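For reference, the structure is listed below as C-alpha cells.
No lab work stands behind these numbers, since they all come straight from the coordinates. Just so it is clear, the structure is predicted and the values come from calculations on it, not from any experiment. For neighbour counting, all protein chains shown are included, and Cβ atoms are generated from backbone atoms with ideal geometry for every residue, glycine included.
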Amino acid sequence: MTTDAISLRSVSRTYGRTYGNACGSASGRAPGWAFGRTRHRDSRRASPDDTTVTALHDVTLAFPRGTFTAVMGPSGSGKSTLLQCAAGLDRPTSGSVTLSGTELTTLSETRLTLLRRERIGFVFQAFNLLPSLTAEQNVALPLRLAGRRVPKARIREVLQQVGLAERARHRPTELSGGQQQRVALARALVTRPEVLFGDEPTGALDSQTGREVLALLRAAVDREGQTVVMVTHDPVAASCADRVVFLVDGRVTGDLAGAGPHDIATHMATLEAAPPARPTVLTSPRPTPHPTPGTGTRPEGRPC
Ligand SMILES: Nc1ncnc2c1ncn2[C@@H]1O[C@H](COP(=O)(O)OP(=O)(O)O)[C@@H](O)[C@H]1O
Ligand SMILES: [Mg+2]
C-alpha cells in the first residue's frame, strides 16, 4: 500500500486559449463542484503553439499521507490548476494522478464524482457556496449528495469548529467573506475526507480568523491523519505546513521542508525576482515532522 495520499506523475495541463474559462463561473473554476461536475476537457485538441497555455508542465509530485503541504508561486504559475488536477476536478492533458494508488485520470465522470464526494474535500478560492442555502444546509450538502444520513450533531460540531455555530441559519449573503470561507471549510471537513485541498483558504480572512483556520487544518493532519494541500501567498500561513512546494510557469522549482516564515518569504522573493530555470530541491522532498507546539523547536513566527 502506497504511503502517498496523492501522487502526480509527469502531469501536464494545456489550455487552448480560445476556450478561456470553459466552465463559465465567475472564478473560472469548477462551478459544478456541488453537483459533481468536472471541468471539461477542451473540446478541441490543443496544439502546443502560441495559442495555447501550458498551465502545468511535466509535474511529478507526491503528497504523503498525513502531511500538510503548502503550494506557493507567482500569480498564473499553475497553483490552482495543480490543485484541481490533484483533486480530480480537472483532467490533465497528459500524465497520471493517483489517490492512494487509484488512477484518477482514467475514471469515468460518475466514478470520479463518487470518489471525490467520499474521499476529497475542496475549499475554493471563491467559496462556491450555494446562495439559496443556509450555512448548515451548505455544510450538509456533500452528505446529502452522497445519499448519506445528515447527523445534526456532526453539522453542529463542524460549524462550531470553524467558529460559526451562531450563524448556522444564515445564508451566504448574510455572512462576511471570512465567514463564508469558514462555511466552505466546514463543508469540506464534514465528510472527514482523506485529502483536503484549499485554494487560498485564508486569503479572505482577517489574521485572527486566518490563524484559527490554519490551526484547524494543522489539527486535521495531526489529530485525524488527514492530508492537507493548501495554496497560499502568505509565508506565515505556509509555515504551518510541513513542506512548501514552489511553482513557476507550471513547473516545480523548489521544495522546502520545515521552514519558517522568514525563509519562505526569502525564497518567494528570489522566485519573483528571477525564476530559476531548473527545479531545485532545497531540502529533502519528504517532509520533516511538524514540530510539536511548545517544544521550543518551532521556527519563529509560526501561527499554528
Ligand atoms: N480555463 C482556462 N483557460 C485558459 N487558460 C487558463 C485556464 N485556467 C487557467 N489558465 C491559465 O493557466 C495558467 C495557470 O493558471 P492558474 O492555475 O489559475 O494559476 P495560479 O493559481 O497560480 O494563479 C495561467 O496562465 C492561466 O491564465
Ligand atoms: Mg489560483
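Rounded to the nearest 0.05, what FRET efficiency do D206 and H262 give with R0 = 22 Å and r taken as the Cβ-Cβ distance? Could you check? Working shown, then result.
Details: r = 22 Å, r/R0 = 1.02.
Once the sixth-power term is evaluated, E becomes 0.50.
Net charge in the neighbourhood of R148 (other residues with Cβ under 12 Å of its Cβ; Lys, Arg +1, Asp, Glu -1) is +4. Less than 11 Å Cβ to Cβ from V123, Lys/Arg counted +1 and Asp/Glu -1: what total charge do the surrounding residues give? Net charge in that neighbourhood comes out at 0. Take the Cα of R192, step 7 Å toward its Cβ, do the same at S100, and the gap between the two points is 1.2 nm. Here the label points at A215 and L133, each 7 Å from Cα along the C-beta direction, are separated by 2.8 nm in the simple model.
Of the trypsin sites (Lys or Arg not before Pro) found in segment 173-227, the ones in coil according to DSSP and having at most 14 other Cβ atoms within 10 Å of their Cβ are R223.
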